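In what follows, a structure is listed as structure tokens, so that the remarks can point back to it.
Please treat every number below as a calculation from the coordinates, not as lab data. Source: prediction; values computed, not measured. As a convention, Cβ positions derive from the backbone with ideal geometry for all residues, glycine included, and neighbour counts pool all protein chains shown.
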Amino acid sequence: MIVRRLPGSPSRGILAAGPLRLVCALGRSGTTVFKREGDGATPVGEMAVLSAWHRPGRMPRPQARLAIRRIREGVDGWCDAPDHASYNRHVRLPFPASAEELARADRLYDFIVVLDFNLSSRSRGRGSAIFLHVAKPGYPPTAGCIAVSPANMLRLAPLLSRRTRLVVRR
């Protein structure tokens, strides 16, 4: 899968996967090769697709060749505190450090694909929770993730496996 920015729109792109060409939202600060926690940019580079999370009752469970875990409200979170040992990892809520709740009020995390950015080999402050997830209507910018519409996520999911690589280009 390849993601390229749309000309003249740093926070929007096109995700190409096999025969699919899908509009996607990118980070509010565009893309960067120097990703930092909280900068709002989508990291440039190649990332492995690791696993997925699904929130039941919000959208159909996508068919993917990945391990898909169920998101539990008030239980599942993702640590975004650079100084904590669980930085950029799934955590159980409540959590003593800063963590994002995966069961969000909006629809963004109804289906999350975990990308291997700053995950297998972590560096504090280099960025956390870089996912492929559901976009808000109209594709407004993300906090650094890549987001597609719910319908396009359902079309894309069957192409995802542990062998899939997502490449973000400048």
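Considering only S11, S128, S98, the mean-square fluctuation computed in a Gaussian network model of the chain, springs between alpha carbons under 10 angstrom, is largest for S98.
With both labels modelled 7 Å from their Cα along Cα-to-Cβ, the R169 to E46 distance reads 1.4 nm.
Rounded to the nearest 20 debye, the dipole magnitude of the chain is 560 debye, with +1 charges on Lys and Arg beta carbons, -1 on Asp and Glu beta carbons, and the Cα centre as origin.
One Cα centroid belongs to the range 1-38, the other to the range 101-117; the line between them spans 17 Å. Rounded to the nearest 0.05, the FRET efficiency derived from the C-beta distance between A16 and D39 at R0 = 22 Å is 0.30.
Once the Cβ-Cβ distance of Q63 and D83 is raised to the sixth power relative to R0 = 30 Å, the FRET efficiency obtained is 0.20. Other residues lying with their Cβ under 15 Å from the Cβ of R58 contribute a combined charge of +3, Lys and Arg counting +1, Asp and Glu -1. Largest GNM mean-square fluctuation among A151, A64, A129, using the chain with Cα springs under 10 Å: A151.
Around the amide H of R12, modelled in the peptide plane, lie the amide H atoms of L6, L26, all under 5 Å away and 5 or more residues distant in sequence or on another chain. With the charge dipole of the chain set up from +1 on Lys and Arg Cβ and -1 on Asp and Glu Cβ about the Cα centre, the Cα lying farthest toward the positive end among the listed residues L108, S123, A17 is that of A17.
For Cα Rg over 2.2 N^0.38 Å, the choices are [x] 0.95; [y] 1.02; [z] 1.12; which was calculated from the structure? Given [x] 0.95; [y] 1.02; [z] 1.12, the calculated one carries the label [x].
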